[in-house]
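*Asks:* The structure that follows is given in the form of structure tokens.
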Amino acid sequence: MGYQRLPDDGDLPPQRIFDWPCRAWHWINALLVVVLIVSGYLIGTPLPSSSGDTSSLYVMGWLRFAHLASGQLFALGFLFRVYWAFNGNQYSWQLFLPTFWKKSWTDGFWAQIKWNLLLLKLAPRYVGLNPVANVIMLVLFVLPSLLTILTGFAMLAEVTGHDSWQYFCFGWMVSIFGNTLDLHLLHRLCLWALVCFTMSHIYIAIREDAVGRQTMVSTMLSGIRQYRR
Amino acid sequence: MSILTRSKRVITTAEVMESRGINRREFLGFCSMMAVMLGLGPEGSGKIAQAMEVKPRVPVLWLHGLECTCCSESFIRSSHPQASDVILSMISLDYDDTLMAAAGDQAEAIVDEIIRDYKGNYILAVEGNVPLAHDGWNCIVGGRPFKSRLQETARHAKAIIAWGTCAAFGCVQAARPNPTQATPISQLVEHVPVINVPGCPPIAEVMTGILTYMLTFDRLPDLDRQRRPKMFYGQRIHDKCYRRAHFDAGQFVESWDDEGARQGYCLYKLGCRGPTTYNACSTIGWNDGVSFPIKSGAPCMGCSEEGFWDRGPFYERLQGMQQFGIESNADMVGKAAAVGIGAAVGAHMAVSVAKKALQGRKDNASDEGNPS
Ligand code: HEM
Ligand code: SF4
Ligand code: SF4
């Protein structure tokens, strides 16, 4: 079913939007993304040199460990989320596939745009994902995540070597680009896409919570969306 | 007997060596060294020696296209004192316009003879690549475009070795915007296996090692996805770099000649391309293993990687993105985007808050006691 606009007037009963696996994924994913952004940034452009005995220091080592460990968890989470798109509730696939061919969705999209341009007096109320936020999720989260995972594993294949399963599965990425420096470049650009996503995503959620007529952040915690008049 | 004289009788490599005054002790020394380098195990040396003694020597045509001859320079400086001698007799360099004595029409005739006499049985080694633009006139060899020479010789070769980054990936000639349309060998040849041996130049021992392997075992070494022999290009510089401990510790040279540089810290921040470069420098070293760039305090430039000239600046960690302005890189582009979004969010927030405040006041004024 996905996105559906609700009537502008009257009281509305609370709706269950996110089931618990979805919510668990969301918060674990958020944590992993923060760890990945920080550690990834520092891998590419490291901190000032640490002084001290080389044999007892492992600064880059731990950063890379944190990055590679959370990167692989992030990828597993992503896989799970794709699986859950098919097996979750009626809203769980909307993240990957906004229903842009449906009039209800496009109307909702323009309504949301107008609302964000402060042209509507009353905030739209709806079930499912906010269409504008949904597009941002797709363009700045889902696609960059996919690219980060692909380039990430292709770089991991360089670390684990040409006999590894990672190389077996992702070595074709190397053939596409030839020079694996390009993998680093793309991976790093995706970092910035994710930074942009995080900023806009948090802002939209908090703003909807504050000035819209329904809950957002608490919905992701409890799964229930409540409506104001 | 000159190595340029060929007869129909089968001549073995060992015979040629003998005729060149290489004694048995030197010969066996060479075989052991090669066996070690190729990772062939304890029996390897005997196998190489035997193969060289019984197998007919394979003619090698060594062509020079658009290139600087640094590969040949590297090759003739093989570290083992006799290696170059051995190799030179072994491959019976029947044609190499830089090294051979013959010149002019005589020399060019040799190529046709080899194609005729050894159809499908000679190895073609190519140094440099082929400029395709303007019908190939950017590289004329023997009065004709190099393109046609390559096509004639490649067609009947048993295998082709593409020496150096030029032949393998294009190198500086093919750097953007590549005005002569310099094209790597593997893109021009069909039906004949091509082995890429990149590096600018490749290490001498790598070159001799690959030739020895092919000539003694009569087969191609194991190749990776980019047709590079795994035995020499299977690992990154970074994987075997002796400064790796400093990388893991997070100790970097921050600027040239700082304390870190004197301590031999990792050169990552000065743009070392070791983490993305497949080559044997950090294992075999250069000039008889004396040193290699990183050991001398210079970051790896990634000379054996595809398109390395277009992946600059060489002494900076982050690759440039000329598409976004001549000095920009991923971080500048990313930060600009993030700042843009941050500003938009800030402005939007300010306007929303202002509007809410205004609206609140109006609502309060119009219907007192009925707050929304
Ligand atoms: C939120 C997602 C992620 C972000 C923001 C991120 C960010 C980064 C950044 C900025 C770098 C440094 C690139 C450079 O300049 O060289 C990096 C390196 C790397 N990342 Fe990620 N990454 C993410 C996910 C992943 C995933 C899913 C994997 C897969 C396992 C991964 C594996 C790697 C590897 C192997 C490196 C190279 C580390 C090295 O030098 O050995 N990353 N990452
Ligand atoms: S100097 Fe280069 S190759 Fe060596 S550890 Fe540092 S980054 Fe890796
Ligand atoms: S260290 Fe790097 S740049 Fe230097 S020769 Fe080796 S591969 Fe080429």
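The values are calculated or read from the model by the stated rules, or taken from the named source; none is laboratory data. Just so it is clear, the structure is predicted and the values come from calculations on it, not from any experiment. Positions of Cβ are generated from backbone atoms using ideal geometry, with glycine treated the same way; all protein chains shown enter the neighbour counts. With ligands, DNA and RNA removed, areas are computed over all heavy atoms of the protein, side chains included. Shrake-Rupley method; radii C 1.70, N 1.55, O 1.52, S 1.80 Å.
*Asks:* Can you tell me how many residues within the stretch B:85-118 are at pLDDT below 80 and open to solvent by less than 20 Å² (accessible area, probe 1.4 Å)?
*Replies:* So the count comes out to 10.
*Asks:* Here's a follow-up. For the stretch B:143-152: of the residues being more than 16 Å from B:ALA167 (Cα to Cα) and open to solvent by 60 Å² or more (accessible area, probe 1.4 Å), which is modelled with the lowest pLDDT?
*Replies:* Filtering the stretch B:143-152 for residues that are more than 16 Å from B:ALA167 (Cα to Cα) and open to solvent by 60 Å² or more (accessible area, probe 1.4 Å), the one modelled with the lowest pLDDT comes out as B:GLY143.
*Asks:* If B:VAL130 passes every condition in (1) surrounded by fewer than 24 Cβ atoms within 10 Å (Cβ to Cβ); (2) hydrophobic (A, V, I, L, M, F, W, C); (3) touching a residue at least 40 places away in the same chain (Cβ under 8 Å) but one, which one does it miss?
*Replies:* Among (1) surrounded by fewer than 24 Cβ atoms within 10 Å (Cβ to Cβ); (2) hydrophobic (A, V, I, L, M, F, W, C); (3) touching a residue at least 40 places away in the same chain (Cβ under 8 Å), the lone unmet condition for B:VAL130 is (1).
*Asks:* Can you find a residue that is away from ligand 2 (no atom under 15 Å from the Cβ) and either farther than 17 Å from B:GLY164 by Cβ or away from every other protein chain (no Cβ under 14 Å) (or both) anywhere in the stretch B:297-304?
*Replies:* Taking every residue of the stretch B:297-304 in turn, none turns out to be away from ligand 2 (no atom under 15 Å from the Cβ) and either farther than 17 Å from B:GLY164 by Cβ or away from every other protein chain (no Cβ under 14 Å) (or both).
*Asks:* Go through the stretch A:25-50 residue by residue and tally those that are within 14 Å of chain B (Cβ to nearest Cβ) and either assigned to a helix (DSSP H, G or I) or of a type in the set (D, E, K, R) (or both).
*Replies:* 7
*Asks:* Before we move on, is A:SER200 among the hydroxyl-bearing types (Ser, Thr, Tyr), within 9 Å of chain B (Cβ to nearest Cβ) and at negative phi? Before you say what the answer is, go through the steps one by one.
*Replies:* Details: among the hydroxyl-bearing types (Ser, Thr, Tyr): yes; within 9 Å of chain B (Cβ to nearest Cβ): yes; at negative phi: yes.
Spelling it out, A:SER200 is indeed among the hydroxyl-bearing types (Ser, Thr, Tyr), within 9 Å of chain B (Cβ to nearest Cβ) and at negative phi.
*Asks:* Name the residue, out of B:PHE324, B:PHE308, that is facing another protein chain (nearest Cβ under 9 Å) and closer than 30 Å to B:PHE169 by Cβ.
*Replies:* Values: B:PHE324 fails: facing another protein chain (nearest Cβ under 9 Å).
Result: B:PHE308 is the single residue among B:PHE324, B:PHE308 that is facing another protein chain (nearest Cβ under 9 Å) and closer than 30 Å to B:PHE169 by Cβ.
*Asks:* If I go through the stretch B:187-198 residue by residue, how many of them are under 19 Å from B:TYR213 (Cβ atoms) and either part of a helix (DSSP H, G or I) or open to solvent by 20 Å² or more (accessible area, probe 1.4 Å) (or both)?
*Replies:* Number satisfying all stated conditions: 1.
*Asks:* Any chance the stretch A:181-188 includes a residue that's touching a residue at least 60 places away in the same chain (Cβ under 8 Å) and either open to solvent by 40 Å² or more (accessible area, probe 1.4 Å) or closer than 25 Å to A:TRP27 by Cβ (or both)?
*Replies:* Going through the stretch A:181-188, the residues touching a residue at least 60 places away in the same chain (Cβ under 8 Å) turn out to be A:184, A:187-188.
Adding the requirement that they be either open to solvent by 40 Å² or more (accessible area, probe 1.4 Å) or closer than 25 Å to A:TRP27 by Cβ (or both) leaves A:184, A:187.
Yes, the conditions are met somewhere in the stretch A:181-188.
*Asks:* Could I ask something else about it? Determine which single condition A:THR151 fails, assuming it passes every other condition in (1) over 24 Å from A:TRP25 (Cβ atoms); (2) modelled with pLDDT of 95 or more.
*Replies:* (1)
*Asks:* Looking at B:PRO221, B:PRO201, B:PRO177, which is the one that is in a loop (DSSP other than H, G, I, E, B) and in contact with a Gly (Cβ under 6 Å, 6 or more places away or on another chain)?
*Replies:* From the options B:PRO221, B:PRO201, B:PRO177, the qualifying one is B:PRO201.
*Asks:* What pairs come up if the first residue lies in the stretch B:221-247 and is away from every other protein chain (no Cβ under 11 Å) and more than 15 Å from B:SER282 (Cβ to Cβ), the second is part of a helix (DSSP H, G or I) and aromatic (Phe, Trp, Tyr), and their beta carbons are under 7 Å apart, counting only those six or more places apart or on different chains?
*Replies:* B:PRO221/B:TYR213
*Asks:* Just for the stretch B:174-230: of the residues that are hydroxyl-bearing (Ser, Thr, Tyr) and more than 18 Å from the chain's Cα centre (by Cα), which one is modelled with the lowest pLDDT?
*Replies:* Per the criteria, the residue is B:THR216.
*Asks:* Assess whether A:LEU42 counts as being more than 16 Å from ligand 3 (Cβ to nearest atom) and either among the acidic types (Asp, Glu) or buried (at least 16 other Cβ atoms within 10 Å of the Cβ) (or both). Steps first, answer last, please.
*Replies:* On the way: more than 16 Å from ligand 3 (Cβ to nearest atom): yes; either among the acidic types (Asp, Glu) or buried (at least 16 other Cβ atoms within 10 Å of the Cβ) (or both): yes.
Considered against the rule, which asks whether it is more than 16 Å from ligand 3 (Cβ to nearest atom) and either among the acidic types (Asp, Glu) or buried (at least 16 other Cβ atoms within 10 Å of the Cβ) (or both), A:LEU42 comes out as yes.
*Asks:* Turning to a different aspect of this structure: Is there any pair linking a residue in the stretch A:212-227 that is of a type in the set (Val, Ile, Thr) to one that is open to solvent by 30 Å² or more (accessible area, probe 1.4 Å), with Cβ under 6 Å and at least six apart or on different chains, and which?
*Replies:* Note: pairs meeting the criteria are A:THR215/A:GLN226; A:VAL217/A:ASP209; A:ILE224/A:PRO14; A:ILE224/A:ARG16.
*Asks:* Go through the stretch B:227-282 and count every residue that is more than 7 Å from ligand 2 (Cβ to nearest atom), under 30 Å from B:ILE210 (Cβ atoms) and among the basic types (Lys, Arg).
*Replies:* Matching residues across the stretch B:227-282 total 6.
*Asks:* Further, regarding this structure: Output the residues belonging to the stretch A:51-96 that are of a type in the set (Val, Ile, Thr) and more than 14 Å from chain B (Cβ to nearest Cβ).
*Replies:* Correct list: A:VAL82 only.
*Asks:* Turning to a different aspect of this structure: When the stretch A:151-170 is examined, which residues are found to be open to solvent by 40 Å² or more (accessible area, probe 1.4 Å) and within 10 Å of another protein chain (Cβ to nearest Cβ)?
*Replies:* Across the stretch A:151-170, the qualifying residues are A:VAL159, A:ASP163.
So that you can scan it fast, the table gives a plain yes or no per residue for (1) within 16 Å of ligand 1 (Cβ to nearest atom); (2) buried (at least 22 other Cβ atoms within 10 Å of the Cβ); (3) assigned to a strand (DSSP E or B):
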site	(1), (2), (3)
A:LEU118	no, no, no
A:THR148	yes, yes, no
A:ALA193	yes, no, no
A:HIS201	yes, no, no
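*Asks:* Between a first residue in the stretch B:144-171 that is farther than 25 Å from B:ASP218 by Cα and a second residue that is in a loop (DSSP other than H, G, I, E, B) and among the aromatic types (Phe, Trp, Tyr), which pairs have beta carbons less than 8 Å apart while being 6 or more apart in sequence or on different chains?
*Replies:* B:PRO145/B:TRP137
*Asks:* At least 2 residues that are crowded, with 22+ Cβ neighbours inside 10 Å and within 16 Å of ligand 1 (Cβ to nearest atom) in each: list the helices (runs of 4 or more DSSP H) lying fully within the stretch B:235-342 that qualify.
*Replies:* Per the criteria, B:237-240, B:244-249.
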